[in-house]
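Student: Would you mind keeping the following structure in view while I ask a few things?
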Amino acid sequence: MARQSKYSISPPPAEKIWKAGLYIRISREDGDGAESESVSSQRAITEQFVSTHDDIIIADYYIDDGYTGTDFDRPDFKRMFDDVTSKRINCVIVKDLSRFGRNYVEAGKYLEVLFPMLNVRFIAVNDMIDSILNPSSMNTMMVPIKNIMNDEYCRDISTKVKTSLDIRRKNGMFIGSFASYGYKKDPSDRHKLIIDEEAARTVRYIFDRFISGYSIIGIARELNERGVLNPSEYKKSLGLNYKHAHKAQNCALWCDTTVRRILNSEIYIGHLVQKKTEVVSYKVHVCKTVEKSKNIKVENTHEPIIPVEVFYKAQELLSRDTRSTAKDGRLSVFAGFIKCADCGRAMQKRTVKGPNKKYDYYVCSTFRKLDKNKCTKHAIRADVLEETVLAVLNKYIQIAIDFDRVIREIEKYDSFSGKSARLLSVIETKKGEIESAKKILQDIYPDYKSGLLSLESYLALKDRYEKTISDCEKVISALNSEEKKTTANKNNEFISKFKSRRFLSELTREVLVELLDNIYIHEGGAVELHLKCRDEFLSATEFLYANKEKATENCI
C-alpha cells in the first residue's frame, strides 16, 4: 500500500455566488421624467450587468414606482431590506446612486454602515461602484459627493414645484387632488370647480339647520339617520380613489368635526383658501399646519353654494358657546347669547321639575359652578326672558319703521327744495374760485421777479390768495360731509335690518344673530339688550335730531 503524505492538499474554494436584488425606483416628484429613468430602462441596465457576471444570480426584483427618493419609507425598499436581514439576498444592484435614494444622510447610513455590517455587496452600475470587486469605489469622495448632488437636485426640484404651485394658487387655480365636498372639477379645466348638485344639497341643508337652531352634533345625527354618505364615502361612491387622512374615521358616518369643517369653509361662498398645510421639508414628508396669515386666498373663483350673509351668520353662531343641546338636536334659542351683567360669564340653563310644574330658567355660571361669593344668582325664567326680548325687539322694529318714514319725508323736502342741486352748485363755484386763485398765484411770481411788484406787495397778494384757496377747500369738505351724511342715512343698516323683521311673533336663533350681540341679565331680572347695529341706530338718531325742524314741519 502506497504511503500517504501527512500533508493533504485541499481543493480550491468554490466561487461565492451572490444572490442579488435588483432595486428600481422612479418618481415624478423627484423630476424623474426622462425615458432613461423608466422602470423598463432600469431593469434592462441592471439585468444586462448581471448577465456579464457569472458570480451573480437574480433572487428578486424590488420596484418602487411613484415613490420619492428623499426618504426610505418605500414599500419595496423595506421588503428588500427585510430580505437582506433574513439572508435571502446579499447583494443590491441599482442603475445609479440616485435610484437608491436622494437623501444624503439616509443613503450614507445604508452604504457606509448597514450594508458593510451585514456583508452586503452594493453595486451602482452607471456610477461604476462595486463594494466587493472595487472597494476603493465606495471609499472615495465621489460617493458622498454624488449623494450630496442627488440630495441638492431634489431640494431644487422641491423649491421649483412649491413656487409653481403657489403661483397657480395666487391665480385662483384649484390644485387639490380631489374637489371639496359640494363641488367637482370642471371636465374642461381641472383647476376650476363647478357645483356638484347632489352634494351641494347636503351643504345647504347643513347651513339651514345650523342657523335655524340645530347643534352640530344634532345635524350629524340627522344626516346619519337619513343615510347620507359622508364626504369621503361619497367620493368613493363616485369611483374616486380617495383615502381619508384619518383611517379611524374612514367610514360612512358623519361626525361633528366634518360638519364643523363644512360650516367654516369659505369655499362655499366662492372663495379659494389654499396652502392650509405643507410638508415639513422635501425630506420629511409630514404635513404641518400653515399659519392663517400665510394661507393663499383668492375670492370669487367659482360659483358659491351658500349666500355670503348666510355664511357669516353661521360664523357668528360658531363663535358662541353652545355646548348644551336638547335631545332632538336643537339648541336653546338663547344659547351663547345670554351673559351675567356683573361677572360677564355665560348664563346656564336649568330645568325645574315638580309634581304639577316644569319650567326652564337661567342662572349665572359663576354663582352655580365656581364660587357663590364671587357673584349672585341673576336668575330669570326662560319664558319671561323670551317675552321680554320679543317685546323689546318689536319696539325697536317700530322705531326703525318710524325712522324710515321720517327720513324719507326729509329727503323729499330736501329734493323739493333743491338741496342736492344747491350743494353741488356751491361746490362747483368754490372749485372755480380755487382755480382762479391758483392762476393768480402763478402770474404774480413772474411780476415780482421782473420788478413789477415789490416784495411787500407780492407777499401780501400771496397770503391773500392762499387763504382764499384754504377757505374754499374747507367749505367744499364741509359740503361733501353734509351730502355723505344724508346719503348714509338713506341706507341705514339699523333701519333696514329691523324694518325687515316687522310683524315678529317668534324668536329664532337667526333673528338673534342678525339683530343682537348679547343679552345681559342683571340681578333682579332686568334685561339689557346690546344691539348689533347700535352705531347705525345712533347715527339715524343724530340725523333726525339735526333735522328736527324739518321733521316737525313735514312729518308730524
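Every read-out reported here was derived from the displayed coordinates using simple, explicitly stated rules and does not represent laboratory data. Here the structure is a predicted model, which is why all the values come from computation and not from measurement. We place every Cβ from the backbone using ideal geometry, glycine too, and count neighbours over all the protein chains shown.
Student: Please give the FRET efficiency for ARG408 paired with ARG534, using the beta carbon to beta carbon distance and R0 = 30 Å, rounded to the nearest 0.05.
Tutor: Rounded to the nearest 0.05, the efficiency is 0.85.
Student: Only sites in a loop by DSSP and with at most 11 other Cβ atoms within 10 Å count here; which trypsin sites (Lys or Arg not before Pro) in region 81-151 make the cut?
Tutor: Here the sparse-neighbourhood loop sites are LYS87.
Student: Still on this structure, I have one more. Karplus couplings for region 48-63 from phi (6.51 cos²θ - 1.76 cosθ + 1.60, θ = phi - 60°), rounded to Hz, Gly and Pro as x?
Tutor: These are the phi-based 3J(HN,Hα) values: 4, 5, 5, 5, 9, 10, 5, 8, 10, 10, 8, 8, 6, 10, 10, 10 Hz.
Student: Say the dipole of region 341-398 comes from +1 at the beta carbon of Lys and Arg and -1 at that of Asp and Glu; which of CYS343, CYS364, GLY354 then lies farthest toward its positive end?
Tutor: Towards the positive end, the residue furthest out is GLY354.
Student: Can you compute the FRET efficiency between ASP156 and LEU479 using 1/(1 + (r/R0)^6), with r the Cβ-Cβ distance and R0 = 51 Å? Round to the nearest 0.05. Working shown, then result.
Tutor: Details: r = 62 Å, r/R0 = 1.22.
Working from the Cβ atoms, E equals 0.25.
Student: Once both labels are modelled 7 Å past Cα along the beta-carbon direction, what's the ASN119-LYS16 spacing in nm?
Tutor: 0.6
Student: In whole Hz, with x marking every Gly and Pro, tabulate ³J(HN,Hα) for region 263-270 from phi via Karplus 6.51 cos²θ - 1.76 cosθ + 1.60, θ = phi - 60°.
Tutor: Coupling constants for region 263-270: 5, 8, 7, 6, 4, 7, 10, x Hz.
Student: Under 5 Å between amide H atoms, partner at least 5 residues away or on a different chain: which partners does VAL92 have, H built in plane at 1.01 Å?
Tutor: GLY21, ARG121, PHE122, ILE123
Student: Please list, ordered by chain and number, the residues whose modelled amide H lies under 5 Å from the amide H of LYS192; skip anything fewer than 5 residues away on the same chain.
Tutor: Residues meeting the amide H criterion: PHE174, ASP186.
Student: Residues of region 191-221 with backbone nitrogen within less than 17 Å of a virtual label 7 Å along the Cα-to-Cβ line of VAL308, please, listed as ranges.
Tutor: It comes to no residues whatsoever.
Student: Additional query: Once the convex hull of the C-alpha atoms of region 336-375 is built, how many Å³ does it hold per residue, rounded to a whole number?
Tutor: 75
Student: Once label points are set 7 Å from the Cα along Cα→Cβ at both ASP383 and GLU299, what is their separation, rounded to one decimal in nm?
Tutor: 4.7
Student: Which links in LYS288/LYS369; LYS349/LYS372; LYS275/LYS339; LYS16/LYS95; LYS292/LYS313 stretch past 27 Å when you go from one Cα to the other?
Tutor: From the list (LYS288/LYS369; LYS349/LYS372; LYS275/LYS339; LYS16/LYS95; LYS292/LYS313), the Cα-Cα distance tops 27 Å for LYS288/LYS369; LYS275/LYS339.
Student: Give the aspartates and glutamates whose C-alpha is closer than 15 Å to that of LYS170, dropping any in the same chain fewer than 8 places away, or say none.
Tutor: Excluding near neighbours in sequence, the set is GLU299.
Student: Between LYS353 and ASP256, what FRET efficiency follows from the Cβ-Cβ distance if R0 is 30 Å, with the result rounded to 0.05? Each step should come with its number before you reach the end.
Tutor: On the way: r = 29 Å, r/R0 = 0.97.
E(calc), rounded to 0.05, equals 0.55.
Student: Hey, another quick one. Points 7 angstrom from Cα along the Cβ direction at SER237 and ASN224: gap in nanometres?
Tutor: Result for the modelled spin labels: 1.7 nm.
Student: Of PHE122, LEU193, MET141, which is farthest on the positive side of the dipole of region 97-229, counting Cα position, with +1 on Lys and Arg Cβ, -1 on Asp and Glu Cβ, and the Cα centre as origin?
Tutor: Positive-most Cα among the choices belongs to LEU193.
Student: So, one more: Aspartates and glutamates within cross-link reach of LYS353: Cα-Cα under 20 Å, excluding same-chain residues under 8 positions apart?
Tutor: Cross-link targets: ASP328, ASP383, GLU386.
Student: In whole Hz, what ³J(HN,Hα) sequence does region 154-160 give by Karplus (6.51, -1.76, 1.60; θ = phi - 60°), x for Gly and Pro?
Tutor: So the J values, rounded to whole Hz, are 5, 4, 5, 4, 4, 4, 5.
Student: Compute the relative contact order of region 448-540 as a whole-number percentage, counting only Cα pairs closer than 8 Å that sit 6 or more residues apart in sequence.
Tutor: Relative contact order here is 22 percent.
Student: What number do you get for region 34-82 when its Cα radius of gyration is normalised by 2.2 N^0.38 Å, N = residues?
Tutor: This ratio for region 34-82 stands at 1.29.
Student: What's the percent breakdown of Cα-Cα distances in region 86-245 across 5 Å bins, shortest bin first?
Tutor: 1, 7, 11, 12, 9, 8, 7, 8, 8, 8, 8, 6, 4, 2, 1, 0
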